[in-house]
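The values are calculated or read from the model by the stated rules, or taken from the named source; none is laboratory data. Only a predicted model underlies this, so the values are computations on that prediction, with no experimental measurement involved. All Cβ positions, glycine included, derive from the backbone under ideal geometry; neighbour counts span all protein chains shown. When the accessible area is computed, the model is the full protein with side chains, heavy atoms only, and any ligands, DNA or RNA have been set aside. Shrake-Rupley method; radii C 1.70, N 1.55, O 1.52, S 1.80 Å.
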Amino acid sequence: MSISVTVHGFHVRTGEQSNGRFATANISTTDGTDHVLYTVPGGDISYAILSVSVCNRAEEAVNNVNIAVSTNAAPLDSEFIEYNTTIVPRGVLERTQIIAAVGDNIVLRVGTP
């Protein structure tokens, strides 16, 4: 199993906006580990509007792909925005227009904990 993940978007702040690619990760386990991909920073940022792209680089499907916006590193059941999704071989799962507050984590879990 081989998954690439990208978090991109923009931060809303007073004055000039910050945008682009904020984080990338290579996930190679299916043991249900929670991977914090990105945490919205503080400072002069009010909130972030993000997109998450999960690319399955493997030639077999990846099962139990989960994405959460969480205040903690281990998300609550109510914080998942994608749950137990299958990504086809060479397929992409993308979630856009994710509104996240300062301190919120984007968390990816593949597999069952």
Quiz item: So which residues in the range 67-113 are open to solvent by 50 Å² or more (accessible area, probe 1.4 Å), of a type in the set (D, E) and over 21 Å from S4 (Cβ atoms)?
Solution: D77
Quiz item: Can you find even one residue in the range 5-19 that is of a type in the set (V, I, T), touching an Asp or Glu at 6+ places or on another chain (Cβ under 7 Å), in contact (Cβ under 8 Å) with a residue 40 or more places away in the chain and not in a strand (DSSP E or B)?
Solution: no
Practice problem: Mind counting the residues in the range 23-33 that are open to solvent by 50 Å² or more (accessible area, probe 1.4 Å) and not β-branched (V, I, T)? | Solution: 3
